[in-house]
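The values are calculated or read from the model by the stated rules, or taken from the named source; none is laboratory data. Predicted model only: the values in this text are computed from it and were never measured. Here the Cβ is made from the backbone with ideal geometry for all residues, glycine too, and neighbour counts use every protein chain on show.
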Amino acid sequence: MNGLKFFLAMASLCMVGFIGLPKDKEELKLSEHSIIPKPLEVTEGEGVFTFKEGTGYQLIGEADDLNYALDFFKDFAQKSMGIKLDQKENGKIQISMDDSRAAESYELNINPNGIKVTAADGQGLFYAFQTIRQLLPADAEKGRGNGFSIPAGKINDKPEYEYRGVMLDVSRHFFPVEDVKSLIDQVAKYKVNKLHLHLSDDQGWRIEIKSWPNLTKIGGSTQVGGGDGGYYTQEDYKDIVAYAASKFITVIPEIDMPGHTNAVLASYGEFNPGVELPETGRVPVDRKALGVDGEDSNASDLYTGIKVGFSTLDTKKEITYEFIEDVIREIAEITPGPYFHIGGDESLVTELEDYKPFIERAQALVTKYGKTSIGWDEIAHADLEEGTIAQFWAKEKNIKLAADQGNKIIMSPSKHIYLDMKYDTTTRIGHTWAGLIEIDQSYNWNPTQLVEGVGKELILGVEAPLWTESVENRDDIEYMVFPRITALAEIGWTPQSLRKFDNYKNRLRTHMKRWDAMGINYYKSPLLEK
Ligand code: ACM
């Protein structure tokens, strides 16, 4: 090869190399980064800030729960970049707390010499750190050393809705504490701040109630399809609640009533008005094998099928109210968050004249123990107390009833954000009764456009429920939750005017790499291949 040919060959190799450089290896501008949920305002700057050993931080001001945010980032910096982030006088990350800002809000000012973080509260600081985390390459999730850079610029960010939740049904299938903590870790990254635990249903009672021990001995002994079931001791539950709090997630316990209660009726016959179980899925209670003395001829069989709407507590007996008071009291005592979910859905065998006073008494008991009631949209048939929240899942007319009473709403439209629906007809698990929910269907909805007359001022926020009739383990949970939870997170956080599906879809591709790095079993939508 002569000199000129050699030069041309090398030059074209360089060109190919340059042109072919993958986008994520180039230096992206701040606004080109794939942050989910999309921040409110992003302004470009010049240059990059590089994390190095000795970066350090300075802290100005105080706030509750600040240490949860600091501990999270120190731990992340250590694991992902090998950096020990200490507080020091000339630290490059300058953190100022400013409680005049909107709750949960933060601002990041990134320049080559340092990062200024201003946050309203510990939660805002935690979210500022989650944003920085997303500015780092996916490799950071694997712990690939230091020297990572993030682009200069400014991000000013705050949530659109205060309630951004995910629900896990631990009744149809039971999940160990570690699986719940893993879900908490995964959703906290996307600024989700509520975990609603559906703790009781026909198939299983999942929380220890010291004054009514058969609930877990009998009611917790099985699950959909049979098998062992399980339950959380009160210590387990406290552990979940504390872990969630360290990620700024409030746990909302749900005891579904007066329907969806067969596990109660199998445990204590005195609440059973004589319900008829479906033909298949009945399992006689072997009291001796479960360590329960004596007989209970009025108790129902256990149920391992998936039909709904056949059970009810006996709403006419005073003992029923003594029972629900004990349950509400014991759970309220170990729940620091402000909410208690009373269920109230699909009580198809409870007469309306019995259902209404039952819901009113349940609400009063929740208030007595210092909590605010949430219930599925059917509860709006009752007189709602001021502050009680109705959760939309099925009927717009129920939500109108709640809104007419001046009560606030959580939006969980089943045809958009029920995480147990299949993505397409080939999805291995899940259901189709609310439709197929591909990633566009989970993203393309606006909370203020769901129910006529219910605008932003009446909407507390949004929640994505995962019912688990067909969901059996952590892999199944991840498959149904990811990527759809990121749609929920963005709908809850980002103003509608900034949300566009095509733009979200492009950002999601980057998150797939992060999930690969973290080993998350997510659904690979064909819509992301185009
Ligand atoms: C529900 O899906 N039954 C609230």
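Pick from the range 391-401 the residues that are within 14 Å of the ligand (Cβ to nearest atom) and not small (G, A, S): which of them is nearest to G343 (Cα to Cα)?
Ranking the candidates gives Q391 first.
Right, R282: under 25 Å from K371 (Cα atoms) and not acidic (D, E) or not?
no
Considering each residue of the range 380-401, count those that are assigned to a helix (DSSP H, G or I) and touching a strand residue (DSSP E or B) at 6+ places or on another chain (Cβ under 6 Å), and give that number.
Result for the range 380-401: 2.
Here is a check on your reading of the model: is W376 touching a residue at least 40 places away in the same chain (Cβ under 8 Å), surrounded by 15 or more Cβ atoms within 10 Å (Cβ to Cβ) and either within 13 Å of the ligand (Cβ to nearest atom) or hydroxyl-bearing (S, T, Y) (or both)?
For W376, the condition - touching a residue at least 40 places away in the same chain (Cβ under 8 Å), surrounded by 15 or more Cβ atoms within 10 Å (Cβ to Cβ) and either within 13 Å of the ligand (Cβ to nearest atom) or hydroxyl-bearing (S, T, Y) (or both) - is not met.
From (1) touching a residue at least 40 places away in the same chain (Cβ under 8 Å); (2) touching a helix residue (DSSP H, G or I) at 6+ places or on another chain (Cβ under 9 Å); (3) of a type in the set (D, E, K, R), pick out the condition that doesn't hold for K92.
(2)
Answer yes or no as to whether L313 is farther than 26 Å from Q234 by Cβ, away from the ligand (no atom under 16 Å from the Cβ) and surrounded by 19 or more Cβ atoms within 10 Å (Cβ to Cβ).
Answer is no for this residue.
Okay, residues lined up against (1) among the hydroxyl-bearing types (S, T, Y); (2) within 16 Å of the ligand (Cβ to nearest atom); (3) outside any helix (DSSP H, G or I); (4) surrounded by fewer than 16 Cβ atoms within 10 Å (Cβ to Cβ):
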site: S470; (1), (2), (3), (4): yes, yes, yes, no
site: A487; (1), (2), (3), (4): no, no, no, no
site: G492; (1), (2), (3), (4): no, no, no, no
site: N506; (1), (2), (3), (4): no, no, no, yes
site: R509; (1), (2), (3), (4): no, no, no, yes
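Do you know which residues across the range 402-445 are away from the ligand (no atom under 16 Å from the Cβ), of a type in the set (S, T, Y), outside any helix (DSSP H, G or I) and crowded, with 17+ Cβ neighbours inside 10 Å?
Correct list: Y423, T427.
Filter the range 342-359 for residues that are surrounded by 15 or more Cβ atoms within 10 Å (Cβ to Cβ) and in a helix (DSSP H, G or I) and give the result.
D354, Y355, K356, F358, I359
Inspect all residues belonging to the range 319-328 and state whether any of them is touching a residue at least 60 places away in the same chain (Cβ under 8 Å) and in contact with a Gly (Cβ under 6 Å, 6 or more places away or on another chain).
no
Go through V366, V454 for me and flag whichever is more than 16 Å from the ligand (Cβ to nearest atom), in contact with a helix residue (DSSP H, G or I) (Cβ under 9 Å, 6 or more places away or on another chain) and in a loop (DSSP other than H, G, I, E, B).
V454
Could you please find all residues in the range 134-160 being surrounded by fewer than 19 Cβ atoms within 10 Å (Cβ to Cβ) and at pLDDT 95 or above?
K154, N156
Examine the range 137-155 for a residue that is among the polar types (S, T, N, Q) and farther than 22 Å from D256 by Cβ, and state whether such a residue exists.
yes
Taking only pairs six or more apart or across chains, which ones have beta-carbon atoms under 7 Å, a first residue in the range 433-458 that is under 30 Å from S525 (Cβ atoms), and a second residue that is among the hydrophobic types (A, V, I, L, M, F, W, C) and surrounded by fewer than 17 Cβ atoms within 10 Å (Cβ to Cβ)?
These pairs meet every condition: E438/L527; I439/L527; D440/F501; D440/L527; Y443/F501; N444/F501.
Would it be correct to say that G124 is buried (at least 20 other Cβ atoms within 10 Å of the Cβ) and not charged (D, E, K, R)?
Yes, satisfied.
Matching residues to (1) out of contact with any Asp or Glu (no Cβ under 7 Å at 6 or more places or on another chain); (2) within 16 Å of the ligand (Cβ to nearest atom); (3) under 30 Å from K247 (Cα atoms):
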{"residue": "P284", "(1), (2), (3)": "no, no, no"}
{"residue": "K288", "(1), (2), (3)": "yes, no, no"}
{"residue": "I306", "(1), (2), (3)": "no, yes, no"}
{"residue": "I319", "(1), (2), (3)": "no, no, no"}
{"residue": "I334", "(1), (2), (3)": "yes, no, yes"}
{"residue": "I342", "(1), (2), (3)": "yes, yes, yes"}
{"residue": "L348", "(1), (2), (3)": "yes, yes, no"}
{"residue": "I359", "(1), (2), (3)": "yes, yes, no"}
